[in-house]
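What follows is a set of notes on a single structure, which appears directly below.
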Amino acid sequence: MTERRGDPDPRAAGGVMPEAGAEVPALERRIELPDMIAYAGATWDWHRLHYDPGYAAARGLPAPVVDGQVFGALLAEQLQDWLGPRARILRLRLRFRSMVFAGETVRCTGRVTAAEDGVLIVEQRVEVAGDGRVAVAPAGATVAVR
């Protein structure tokens, strides 16, 4: 989770305001246990469910559960990677649908549903790659773009 891939979309970074219907470039990330431990430390969320395989197994789970805060961070990262430093996220909303476990890969997708006066409304979702399980939906953001 620590690596950033690619530069923001050159059209967005170049000052062209995305229009309604524009696709947000997908962000795909494999979430490994060391990433989850680092995130737990950064957010001071040390619940064993997020880092201890034995604890998760004792509760009938296949692996530790990815902390829900991670999905907000990934959705924000997806937008920032696309729009660059000229974007400011004003509102982020998300609803959890399914657990994601250590070692799984998630894919964030999105589409601009409205664009007016320098503000974008974006609908997003997070799916687990491979089985298509929806982890987060609906989700979305209101983004001011300078």
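Read-outs throughout are calculated quantities, based only on the coordinates presented, and are distinct from any laboratory measurement. Source: prediction; values computed, not measured. Note that we place each Cβ from the backbone using ideal geometry, even for glycine, and neighbour counts take in every protein chain shown.
Rounded to whole numbers, the Karplus 3J(HN,Hα) couplings from phi for region 96-112 are 7, 10, 8, 6, 10, 10, 3, x, 8, 10, 10, 10, 9, 10, x, 8, 6 Hz, using 6.51 cos²θ - 1.76 cosθ + 1.60 with θ = phi - 60°, and x at Gly and Pro. Dimensions of the chain based on its C-alpha atoms, expressed as ranges along the principal axes with the largest first, amount to 52, 25, 24 Å. Inter-label distance, Val134 to Leu61: 2.2 nm, where each label sits 7 Å from its Cα along the C-beta direction.
Seen against the Cα atoms of the chain and their longest principal axis, helix 69-83 is set at about 30 degrees. Which Cα, out of Tyr51, Gly118, Gly103, lies furthest along the positive dipole direction of region 41-146 (beta carbon charges, K/R +1, D/E -1)? Final value for the positive-end residue is Gly118. In a reduced charge model with +1 at each Lys and Arg Cβ and -1 at each Asp and Glu Cβ, region 18-145 shows a dipole moment near 300 debye about its Cα centre.
In order along region 130-144, the phi-based Karplus estimate (6.51 cos²θ - 1.76 cosθ + 1.60, θ = phi - 60°) of 3J(HN,Hα) comes to x, 10, x, 4, 7, 8, 9, 4, x, 8, x, 8, 10, 10, 8 Hz; Gly and Pro are listed as x.
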